[in-house]
Every structure is written in structure tokens, then in C-alpha cells.
């Protein structure tokens, strides 16, 4: 079902599900698809009424009969796209290939704002950055809701970021690691609290500083010689 929603539609559904406390996002997507038919688009979501949403939540898969009316109204507005721009999500910056010479692309597992606070298999979205020694730019936000409808959610999540060289996560399981690596992405675990308030940019600033003298694992990703190995190469030449 990864192709059954546009990125904007997936974002609206994810925010609406979060507004409806206790609603399982995957079940919510299925119920919306049953109501609206696939693919789920912004135009279809804009037709959902509060009454529709109430019926959906009282269906066989999702039972929330006592959901407060204010929650239903706000979730409906989010499905319409109202207030989405004013959410806690950061705004992606414009980027064209070549804007940041010597850069690599990095994904960060995130659940809130611009925090690196997500597990690979359960985060709500990936924040995608272009990182060079002199620049750091958030270029995309990629919701994971559609990927989670696939038979193998970890493969689908890995495909979502397969244009990145690195993915930072708070945790990731062994089977998922293999699938991420197979997609050409290097996973890096950053423990909770390791960056102070878990701000993604704080971790990426540290990565920035390493780009000029990369350790072996980063040098392999960049396709350059590791700074830590350069002195040995110089000795060999002498």
C-alpha cells in the first residue's frame, strides 16, 4: 500500500491519528481506505466529515465510541489539510543537487518536531538532511505510515530512505539492520539523551565536523580515504 497514498496524504492521516488518542494508525489507514477506496489522496481526505469519522472509529477494526467531539473535529480538519503547516513539524528547505558540494544525505528517525527520537521500525517519519562540512539543510520529511501497510514494513521503510547514505536511529533490531544495509544505507544508533535534548541537528553538527577527517566507516560511505589512515599512507610513501 506504499503507493496508495501521496506523501501529503500520509502526513495528514498520521497527524489525524495522533490527534485521536489511542487509535492504531495502521487500522485507521485501513478503515479510511475501506471508506474512500484507494489510492488515498488529499482530495478524497478533504471529503471526510465528522460524521464519517465517527462511523469509521466505531467500525469493526477501530472501536472508539466515546471519542470527544473536539477531537473528532480537529482530526477532520487535519485530514482536510487545515493546520498541518502549523503543526510541530519543521519545514523542509529548498535543495538542488550540487548545492552543497562534498555532502552526504542523512535520515533521522523522528516522532516529534526536529528531534532524533525514533526507533527505525516505529518512528512516524524520517527527517532527511543534506550535510556537508560547511552546510546543513533539512530537505525532506518522509512519513512512514504508508510503508507500514506493506507486507515487510522494514523493507518498505528502508526503501523510503534508500537515497540516503546514513540513517540515525535511537534503536534498530538485527533483522532490520540487514535490510537497511541491503538498501545501501549505514545505520547508526544514538541512545536517548545522547544529544542533550535529542535535537537531530546537534547530532548532525558532530557528523559535519567529522566530514573533513572522516573515520573509516564514514570514509567508506564518502568514497574517500579515512583521515585516521592518512598518516600511515604518508609513512608508506616515505
Quiz item: Which angle between 0 and 90 degrees, to the nearest 10, do you get for helix 200-211 versus the longest principal axis of the chain when only C-alpha atoms count?
Solution: 20 degrees
Exercise. Take every DSSP beta bridge whose two residues both sit in the chain, then give the antiparallel share in percent to the nearest 5.
Key: 60 percent
Practice problem: Give the Cα extents of the chain along the principal axes, in whole Å, largest first. | Solution: 79, 33, 32
Quiz item: So what's the angle, to the nearest 10 degrees on a 0 to 90 scale, between helix 227-237 and the longest Cα principal axis of the chain?
Solution: 30 degrees
Quiz item: Exposure proxy check: 172, 221, 161 ranked by fewest other beta carbons within 10 Å?
Solution: 221, 172, 161
Quiz item: In what sequence do 106, 48 fall when counting other Cβ within 10 Å, fewest first?
Solution: 48, 106
Self-check item: Residue order, fewest to most surrounding Cβ atoms within 10 angstrom, among 217, 80
Solution: 217, 80
Quiz item: How big is the Rg/Rh ratio for the stretch 2-80, C-alpha atoms only, Rh by Kirkwood, two decimals?
Solution: 0.91
Quiz item: Considering the alpha-carbon set of the stretch 77-164 alone, what are its Rg and its Dmax in angstrom?
Solution: 14.0, 42
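Each value in this text was obtained by applying a stated rule to the coordinates, not by laboratory testing. Just so it is clear, the model here is predicted, and its values are computed rather than measured. Cβ: placed from backbone, ideal geometry, glycine included. Neighbour counts: every protein chain shown.
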